[in-house]
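Below is one structure, written out as structure tokens; the observations come after it.
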Amino acid sequence: MAKYPTEQLKCWKKAKELREQYYINFAKAHEKGGLRWSGSAWALDAIPAGLGNDVYSLTGEPYGATIAVDRKFNKECQDAAESYGYARDMCAYMRTYWGSIILNKYPFGGEFPKPDFNFQTQICCSHSKWYQAAAKLEDNTPTFFIDVSVGAYQDLTTERLDFVTNQGLEACEWLEKTTGRKFNDELFIEAVKNEMRSTSLWAAICAENKAKPAPLDEKTMYSLYVLATLSKSSKWCADFYQECLDEVKDRVARGIAAVPNERCRVMSDTQPPWGFLKVFRYLEEYGAVSIGSLYTFGLEGIWETKPDGTWGPRTLPWEKGIEMNTREEVMRLYCDWNLSKPQWQHFYDPRIKTEMMKTIIKEWGVDGVMLHLNRGCEGLSIGIMENRLGLAASGVPVMTFEGNMGDEREFDLGRTQSRVDSFMETLNLKRDTAHA
Amino acid sequence: MITAGIDMGSRTVKVVFLEELKVDGAPQLKWGVKGKHIMFPDELDADEAADKAFDDALKEAGITRDQVKNVVATGAGRKQVKFATSDVTEVGAGARGAVFMCPTAKTVVDVGAEEGRGVKANAEGKVVDFAGNEKCAAGAGAFAESMSRALQLSLKEFGEASLRSDKTIPMNAQCTVFAESEVVSLIHSSTPKEDIAKAVLDAVASRVCAMVRRVGIEEDVILIGGMVHNPGFIQSLKGALGVDKVLLPDMPEYISALGAALIAAENNA
């Protein structure tokens with residue numbers, strides 16, 4: 001029962017190509033004398049960009065998610081990590097990453113391409129251990145950590161910002177010493193600007209989904225937001241998001257829907273069980289579109305509250321006339337920018353997340369929330385039941401389902417679909433397909 | 001008009017027929033139960049089981065298939081009921097049937113063989129919120145059944161035995177496998193069976209209660225599903241929920257089938 005016209009997103013194919021090229025570039029970096037580094041999707045990747053244009057990263061979480069879709073190899077990685085002695089209840093991405101090192105196997109072909117250094121931030125409880133252990137598995141890869149856990153952005157003080165900024169400045173010196181390369185401030189500043197563009201543009205893309213019908217569904221958004229998790233400080237990423245924003249705006253103007261039978265809007269939370277994204281297609285049988293989530297919007301998107309009180313992309317510093325000339329002033333702006341990341345705030349207080357979720361519910365017209373109690377990620381699941389209580393108390397229908405973003409042994413598709421059935425009933429929705 | 005609800009559970013198939021009533025002076029009485037039937041499918045496959053249970057139920061009620069206007073299926077195997085006109089989840093059907101039987105009920109606790117859940121329902125029996133166990137059987141009837149076997153007691157004896165105990169033995173198990181180990185340890189340490197039975201039922205009630213708390217405990221509380229027949233569990237549940245009273249409907253195993261039959265009637269209205 002299509003209500004709206006739909007068409008495939010034109011830039012989707014390009015997003016896939018960019019993603020694949022990213023992994024190939026990392027593997028082949030040494031062939032042209034380039035450098036490889038590894039760290040999380042939240043690493044301050046504009047800093048290593050100061051080492052040159054031939055420096056390539058491998059971000060751990062998207063790497064884990066990529067492997068999760070390849071269920072056979074994912075299982076091999078999980079088994080390898082567990083056989084090595086790592087417990088099954090640890091971060092699923094982390095275990096997959098370690099498993100890939102232990103097996104010495106890269107899903108894009110060949111051996112696992114060991115990084116020249118690890119460059120990591122720490123806010124999640126697993127992040128530091130992840131690369132500490134990885135460094136050991138890789139025969140003591142040099143590793144640098146930046147502690148960004150200085151409290152919620154709403155409570156940011158000069159001293160807290162100094163604490164992070166000074167670590168960033170120290171990192172520049174460490175990188176020079178470790179790699180023997182001169183740190184180039186111009187490249188660093190350009191990368192910071194790219195990252196600010198990428199993350200603000202991604203927020204702008206997500207904001208377009210306030211439109212009804214939604215121009216994007218969350219399953220498609222996963223193929224787009226991933227680029228920021230790979231290389232948010234690269235020009236190609238920022239340029240792609242500009243192209244994507246233009247296309248999404250055009251879809252909104254023409255009333256193009258992601259889900260042609262949209263009659264209900266839900267949002268999710270935390271990483272999905274990557275091997276089972278068909279759950280989102282199952283929702284569509286009810287005419288329900290998942291318009292995104294705090295996770296999809298705020299893992300990499302940088303937002304601000306606009307003068308009219310609504311949520312929108314954070315204004316770029318140079319649009320406000322702020323100078324970005326020296327390493328010191330740019331590092332400070334860069335750290336401030338990252339500390340405002342929505343998905344970092346709940347580590348300090350789940351109520352901040354609940355309020356952000358309520359903002360999305362109100363502004364994106366969300367009818368119900370599906371919380372993934374993700375056993376694979378303690379960091380993003382922390383406080384999730386407090387979020388549930390907070391949302392339920394404000395009258396929002398909420399369902400929960402258990403699973404794991406990267407370990408299929410902890411996800412039950414049939415039972416989850418059954419739970420979706422019950423939730424859809426509470427939202428007064430019936431499936432469009434004939435009764436089977 | 002006659003409608004039917006069929007509940008394809010994991011152990012049994014239940015069928016309820018509803019008949020439209022016209023009671024002078026009591027317009028609130030719109031529907032009455034025309035017949036009910038329960039079947040243990042044994043080795044029948046799901047399709048055959050649904051057909052046989054329905055045919056047997058028709059025979060018992062003295063009606064024919066043509067007289068039944070609408071059939072709504074529910075339960076874990078609801079998609080297997082090929083002759084159903086539509087289906088409804090066990091969550092929706094259970095709440096609808098529970099509130100029909102006990103109109104003051106606001107919190108529905110449903111503990112069947114496979115699953116335990118808490119449901120918050122409105123005055124019409126519509127689900128407002130729900131929570132249930134997913135991968136853990138410790139909050140489900142099958143766990144109590146398995147533990148009664150370990151104690152070599154029938155389910156009836158198991159429930160009654162627990163009422164004779166006033167001991168509280170904490171069972172930390174979050175999982176039936178570990179719980180069973182604890183039960184074995186208790187047996188080896190010569191703990192009286194009634195104390196073990198109470199410990200097990202307290203543990204089940206505690207797991208169920210954790211789920212009910214997610215949706216909020218608002219009185220009246222009603223218990224549906226097979227565990228209604230277990231007086232020891234009812235006692236444990238009251239304690240865990242902190243309520244003096246738990247409503248127990250007549251024909252508790254049929255509540256979901258009844259709910260489905262009510263939805264069938266509404267669909268036809």
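Assorted remarks:
- Enumeration of residues in segment B:114-127 that are outside any loop (DSSP other than H, G, I, E, B) and either free of Cβ contacts under 8 Å to residues at least 60 places away in the same chain or crowded, with 24+ Cβ neighbours inside 10 Å (or both): B:G116, B:R117, B:G118, B:V119, B:A121, B:V127
- Checking each residue in segment B:192-233 for being touching a strand residue (DSSP E or B) at 6+ places or on another chain (Cβ under 6 Å) and crowded, with 19+ Cβ neighbours inside 10 Å picks out B:V208, B:M211, B:V212, B:R214, B:V215, B:V221, B:I222, B:L223, B:I224, B:G225, B:M227.
- Flag for B:V109 being closer than 18 Å to B:A76 by Cα and either more than 14 Å from chain A (Cβ to nearest Cβ) or not basic (K, R) (or both): yes
- Test: residue in segment A:413-425 that is within 26 Å of the chain's Cα centre (by Cα), within 30 Å of A:E82 (Cβ to Cβ), facing another protein chain (nearest Cβ under 7 Å) and free of Cβ contacts under 8 Å to residues at least 40 places away in the same chain: no
- For the criterion of being under 18 Å from B:G225 (Cα atoms), small (G, A, S) and either more than 9 Å from every other protein chain (Cβ to nearest Cβ) or surrounded by fewer than 24 Cβ atoms within 10 Å (Cβ to Cβ) (or both), B:G92 fails.
- Residues located in segment A:188-210, provided they are of a type outside the set (G, A, S) and within 16 Å of A:E329 (Cβ to Cβ): A:F188, A:I189, A:E190, A:V192, A:K193, A:E195, A:M196
Conditions (1) outside any loop (DSSP other than H, G, I, E, B); (2) under 22 Å from the mean Cα position of the chain (by Cα); (3) at pLDDT below 95, marked per residue:
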| site | (1), (2), (3) |
| --- | --- |
| A:A29 | yes, no, no |
| A:N53 | no, no, no |
| A:A65 | yes, yes, no |
| A:R95 | yes, yes, no |
| A:G110 | no, no, no |
| A:C125 | no, yes, yes |
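- Among residues of segment A:259-303, those that are farther than 29 Å from A:L316 by Cα and hydrophobic (A, V, I, L, M, F, W, C), counted: 11
- Residue match in segment A:78-87 (condition: surrounded by fewer than 22 Cβ atoms within 10 Å (Cβ to Cβ) and at positive phi): yes
- Restricting B:V91, B:V71 to residues that are in contact (Cβ under 8 Å) with a residue 60 or more places away in the chain and of a type outside the set (D, E) narrows the list to B:V71.
- Test for A:T296: is it among the hydroxyl-bearing types (S, T, Y) and surrounded by fewer than 23 Cβ atoms within 10 Å (Cβ to Cβ): no
- Of all residues in segment A:390-412, those that are of a type in the set (D, E, K, R) and either assigned to a helix (DSSP H, G or I) or more than 10 Å from chain B (Cβ to nearest Cβ) (or both) total 4.
- Within segment A:271-300, being out of contact with any Gly (no Cβ under 9 Å at 6 or more places or on another chain), in a loop (DSSP other than H, G, I, E, B) and within 19 Å of A:S381 (Cα to Cα) holds for A:L277, A:L299, A:E300.
- B:V177 falls short of the stated requirement of being closer than 11 Å to B:G232 by Cβ, in a helix (DSSP H, G or I) and hydrophobic (A, V, I, L, M, F, W, C).
- For B:A123, the requirement of being at pLDDT 90 or above and either within 14 Å of chain A (Cβ to nearest Cβ) or touching a helix residue (DSSP H, G or I) at 6+ places or on another chain (Cβ under 9 Å) (or both) is met.
- Here is the figure for segment B:129-160: residues that are aliphatic (A, V, I, L, M), without any contact (Cβ under 8 Å) to a residue 60 or more places away in the chain and either assigned to a helix (DSSP H, G or I) or within 14 Å of chain A (Cβ to nearest Cβ) (or both) total 4.
- Count of segment B:70-87 residues, restricted to those that are among the small types (G, A, S), crowded, with 24+ Cβ neighbours inside 10 Å and facing another protein chain (nearest Cβ under 8 Å), is 1.
- Residue match in segment B:187-201 (condition: over 14 Å from the mean Cα position of the chain (by Cα), within 19 Å of B:I6 (Cα to Cα) and of a type in the set (S, T, N, Q)): no
- Residue check, B:A53 at pLDDT 90 or above, more than 14 Å from chain A (Cβ to nearest Cβ), out of contact with any Lys or Arg (no Cβ under 6 Å at 6 or more places or on another chain) and buried (at least 24 other Cβ atoms within 10 Å of the Cβ): yes
- For A:A288: the one exception among (1) closer than 20 Å to A:P397 by Cβ; (2) surrounded by fewer than 24 Cβ atoms within 10 Å (Cβ to Cβ): (2)
- Residue within segment B:91-104 that is of a type in the set (K, R), under 19 Å from B:L262 (Cα atoms) and within 14 Å of the chain's Cα centre (by Cα) present: yes
- Scanning segment A:329-337 for residues that are assigned to a strand (DSSP E or B) and surrounded by fewer than 24 Cβ atoms within 10 Å (Cβ to Cβ) turns up nothing.
- Contact annotation: residue pairs with Cβ atoms under 8 Å, 6 or more positions apart or on different chains, pairing a residue in segment B:181-200 that is within 17 Å of B:E157 (Cα to Cα) with a partner that is among the polar types (S, T, N, Q) and in a loop (DSSP other than H, G, I, E, B), are B:P192/B:S165; B:E194/B:S165; B:D195/B:S165; B:A197/B:S165; B:K198/B:S165; B:K198/B:T168; B:A199/B:T168.
- For B:D55, the criteria (1) under 22 Å from the mean Cα position of the chain (by Cα); (2) outside any loop (DSSP other than H, G, I, E, B) hold in every case but one, which is (1).
- In the condition set (1) within 20 Å of the chain's Cα centre (by Cα); (2) more than 27 Å from B:V127 (Cβ to Cβ), A:T354 is compliant with all but (2).
The values are calculated or read from the model by the stated rules, or taken from the named source; none is laboratory data. None of the values given here were measured: they were computed from a predicted structure. Using ideal geometry, Cβ is built from the backbone for each residue, glycine included, and neighbour counts are taken over all protein chains shown.
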